[in-house]
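Okay, so here's the structure we're looking at.
The values are calculated or read from the model by the stated rules, or taken from the named source; none is laboratory data. The structure displayed is predicted, hence computed values, not measured ones. Ideal geometry is used to build each Cβ from the backbone, glycine not excepted, and the neighbour counts take in all protein chains shown. Side chains are part of the model used for accessible areas, which takes the heavy atoms of the whole protein and leaves out ligands, DNA and RNA. Shrake-Rupley method; radii C 1.70, N 1.55, O 1.52, S 1.80 Å.
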Amino acid sequence: MKRLLLALQLSVFLAAPLAVVQAASQVEKDPQVSPTMLMALELAEENYQATNYEAALRVIEPGEPKYPGQWLLIGKIYFQMGNYPKAITALEAATKQAPNKSAEWNWLGKAYGRQAETGSKLAAFGRARKAREAFEKAVALDGGNLEAVDDLFEYYVEAPGIVGGGTDKA
């Protein structure tokens with residue numbers, strides 16, 4: 001049991017730097033991203049991985065131009081902080097700048113879904129439909145995105161038929 005726990009801790013420890021490298025490499029391909037911005041994104045990603053969301057926002061948000069990877073990270077941070085309206089705003093910007101990226105659409109679906117669950121009951125149906133549409137778009141863009149496939153499946157199973165859910169679709 002101790003070996004399993006140690007292996008799990010080690011895999012989490014090794015995965016965080018890998019996520020930073022992956023996020024930085026996605027942005028690094030854009031010639032408009034300055035080295036300073038790249039370092040800021042890396043630091044923000046490190047803070048995000050360490051669940052230090054406020055520090056991540058302080059690094060990434062102030063006055064910098066918003067690149068698609070940056071909008072995605074800002075949206076994920078606000079999502080984890082429970083500020084779903086701000087998460088939706090950032091993730092909508094991410095999907096506008098990178099309309100063919102599955103991850104951006106999937107996170108937008110998560111934010112809409114959580115806002116539907118926790119926000120105004122009057123707006124819940126519209127947000128739930130938007131969540132489904134975002135999940136479907138994420139899967140259509142990349143059927144290999146297992147997180148998006150799982151989120152869409154979960155939506156179909158849990159959402160009522162009036163907003164496009166139903167076990168017949170799962």
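When the Cα positions of Phe79, Ser102, Asn145 are compared along the charge dipole of segment 73-153, Phe79 comes out farthest toward the positive end, with charges on each C-beta of Lys, Arg, Asp and Glu.
Using a probe of 1.4 Å on the protein chains alone, the accessible area found for Thr51 is around 90 Å². Cα gyration tensor of segment 58-145, axes a ≥ b ≥ c as square roots of the eigenvalues: rounded (a/c below 1.5), prolate (a/b > b/c) or oblate? It comes out oblate by the Cα gyration axes.
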